[in-house]
Amino acid sequence: MAGTDQSRTSGNDLTRTSAAELSTLLASGDVSSVEVTQAHLDRIAAVDGDLHAFLHVNAAALETAAQVDADRAAGVTLGALAGVPIAIKDVLCTIDMPSTSGSKILEGWIPPYDATVVARLRAARMVPLGKTNMDEFAMGSSTEHSAYGPTKNPWDLTRIPGGSGGGSAAAVASFEAPVALGSDTGGSIRQPAAVTGSVGVKPTYGGVSRYGAIALASSLDQVGPVSRSVLDAALVHDVIGGHDPRDATSIPDAWSSMAEAARAGQSGEALRGVRVGVVKQLDGDGEGFQAGVRQRFTETLELMAKAGAEIVEVSAPNFEYAIAAYYLILPAEASSNLAKFDSVRFGMRANVTGTVEDVMGATREAGFGPEVKRRIILGTYALSAGYYDAYYGSAQKVRTLIQRDFATCFEQADILVSPAAPTTAFKFGEKLDDPLAMYLNDVTTIPANLAGVPGMGLPMGLAPEDGLPVGLQLMAPARHDARLYTAGAAVEQLLEAQWGGPLWRLAPELG
Amino acid sequence: MSEITPERVAHLASLARIALTEQEIEQLTSELGAIVDAVATVQKVAGDDVPATSHPIPLIGGMRADVVGPTLTTEQALAGAPDHDGSRFRVTAILGEEQ
């Protein structure tokens, strides 16, 4: 970890400094937000040509940083992350930058308002660096479905960075940004974090506002933080979380500080007596799990046990049907949500003659990519008369059974663990022609979305066979996100003690 | 086996207002057939006694005070429109005849 003194010396060090450390350096006046922001813009200029993590870089970033510096100099009271740069997934509406959700149909569209999470990070005086790449409308696990071309994995440019939030994960993993925002409908924060050696959190459903997040599946979507450390994710969570009257599904309760929870986890004793449930159906022994993922998972469990955690096996038999239920519920909700792209109020309009319906059909044909069309048609089928009960209705019942499984598991365990993804990053093109194979990549992450419980992905080492990052997933009961941060920070500390520093130090040089 | 035929895909596409090409219809027919067969397993899992869950965290209430708040201006609402006349969105014929 770069120390305070070294951090002053070069932009390279500033880009490797955590948001928590930047907060301290900025507060003490050791560095300015302009210096920190410039270092990250330089890094983006140096490596993003290879990576393509950003769809848009914020031209006003330095100006925003200068305003924060001026306010700090004038003695204005500022929050912990004031002056810290942040990357924003393109699914989130920004009033000053295009918001395309990775789709051609929204190319160049500038929303008339900010998403609540964006408004909150601006209020906290964070500095938006730009908008990050993603699978179109967040449909995918690789960013290969972005209309603007894929993002590369900083650990190996021939491999996917995960998806849909591959841009945010790659930006953080390649030191283009200290922290980022993502969205997670079936794993789109946690799986990219896993395959890029980053940390990502899907909060409890309703814990973070969805207002201004371009909807994929409204009963599953959650916005959350992406970072290189558990504490940094917690700091961002504290900025964006909490009740929003503009989101009818926002939980009105008060939340405790996630940063305090993360700091509590760094005490070294945080895992003592914690019941850690290994979900039998996701324990890595199943079909499709890579040997190196299984190995790192087993080792991490041993490490947790040594630190005093009580490892228990729990069973969630209905998780077996989670993917099937998800790929009915998600397309059904998506087909409805995406009806708004009608060539009338915003976005693209195809240049054809005919009725408004003809124009609509031609626009959606030209503006949507193959995966989006596939899911809209599937969702339309699942919702159509005569099939609704058999497909959508049955999937909603499975959702109830999965919630019951979680309830049973959480009677026996305080947190649940599994690998965050069944494999390390796969190669571009490997699963592109087989939608079902792509869908199976989300096997570990989907249950949390169906039940609304919070989940975290964090690095647990490199797979011996390919040297690529492997992620651990932690899950907690709904509204107990703080538990993830405490346990996550504790596991992170144990692992980093073993590695002699954070995993990202092993990432290859770029640019 | 699934009931996904090219005719059904074409019908679904027209409901979803996507003017698919013949080639896309052909490809989607085979892809959706495989996907529907895979997801159809949900039908045999839950009995009639299991209620459906539409939302993961049930919230009741959520009423706000009935007061006027800030809204988008006409200019803001029209700013992203492909075509407008200054106060309304403009579209082509809605009744299938030239206007």
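Throughout, read-outs are computed from the coordinates displayed, never taken from laboratory work. Keep in mind it's a predicted model, so treat the numbers as computed, not measured. Backbone-built Cβ (ideal geometry, glycine too); neighbour counts: all protein chains shown.
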Within 10 Å of each Cβ in B:16-26, the average number of Cβ atoms from other chains
6
Least to most buried among A:480, B:11 (fewest other Cβ within 10 Å first):
B:11, A:480
In whole angstrom, how far apart do the alpha carbon centroids of the stretch B:36-53 and the stretch A:313-334 sit?
10 Å
What does the C-alpha gyration tensor say about the overall shape of the stretch A:62-133? Classify as rounded when a/c is under 1.5, otherwise prolate if a/b is larger than b/c, or oblate.
prolate
Could you please rank A:404, A:272, placing first whichever residue has the fewest other Cβ atoms within 10 Å of its Cβ?
A:272, A:404
From the square roots a ≥ b ≥ c of the eigenvalues of the alpha-carbon gyration tensor of chain B, which class results: rounded (a/c under 1.5), prolate (a/b over b/c), or oblate?
oblate
Theoretical gain in end-to-end length, residue A:158 to residue A:310 [0.36 nm per residue, Cα-Cα removed]:
50.7 nm
So if R0 is 45 Å, what FRET efficiency would residue A:280 and residue A:24 give, r being the distance between their Cβ atoms, rounded to the nearest 0.05?
0.55
When a footprinting reagent is the concern and you count Cβ atoms within 10 Å, what order do A:456, A:126 take, fewest first?
A:126, A:456
Using a cut-off of 13 Å between beta-carbons, work out the net charge of the residues near residue A:115 (Lys and Arg +1, Asp and Glu -1, residue A:115 not included).
0
What FRET efficiency would be calculated for the residue pair residue A:302, residue A:507, taking the C-beta separation as r and a Förster radius of 22 Å, to the nearest 0.05?
0.30
With the Cα gyration tensor of the protein assembly as shown giving a ≥ b ≥ c as the square roots of its eigenvalues, does the rule (a/c under 1.5 for rounded; else a/b larger than b/c for prolate; else oblate) give rounded, prolate or oblate?
oblate
Of A:91, A:128, A:160, which is farthest along the charge dipole of the stretch A:87-233 in the positive direction, counting Lys and Arg as +1 and Asp and Glu as -1 at C-beta?
A:128
When Lys and Arg each count +1 and Asp and Glu each count -1, what net charge do the other residues less than 10 Å away from residue A:350, Cβ to Cβ, add up to?
0
Going by Cα centres, the stretch A:116-176 and the stretch A:21-43 are how many Å apart?
22 Å
Which residues make up the longest stretch of chain A clear of GluC sites (Glu not before Pro) that lie in a DSSP loop with no more than 14 other Cβ atoms within 10 Å, not counting the sites?
A:288-464
Hey, quick one: spin label on residue A:437, modelled 7 Å out along Cα-Cβ, who in the stretch A:285-326 has an amide N within reach, i.e. under 18 Å?
A:287-291
Peptide B:82-93, shielding by other chains (average Cβ, 10 Å cutoff)
4
How long is the gain from residue A:110 to residue A:291 if the chain were fully straight, where each residue apart is worth 0.36 nm and the alpha carbon distance is subtracted?
60.6 nm
Full extension between residue B:14 and residue B:95 adds, at 0.36 nm per residue less the Cα distance, a length in nm of 27.5 nm
How many percent of DSSP beta bridges within chain A run antiparallel, rounded to 5?
65 percent
R0 = 45 Å: FRET efficiency of residue A:243 with residue A:390, Cβ-based, nearest 0.05?
0.75
Peptide A:351-358, shielding by other chains (average Cβ, 10 Å cutoff):
5
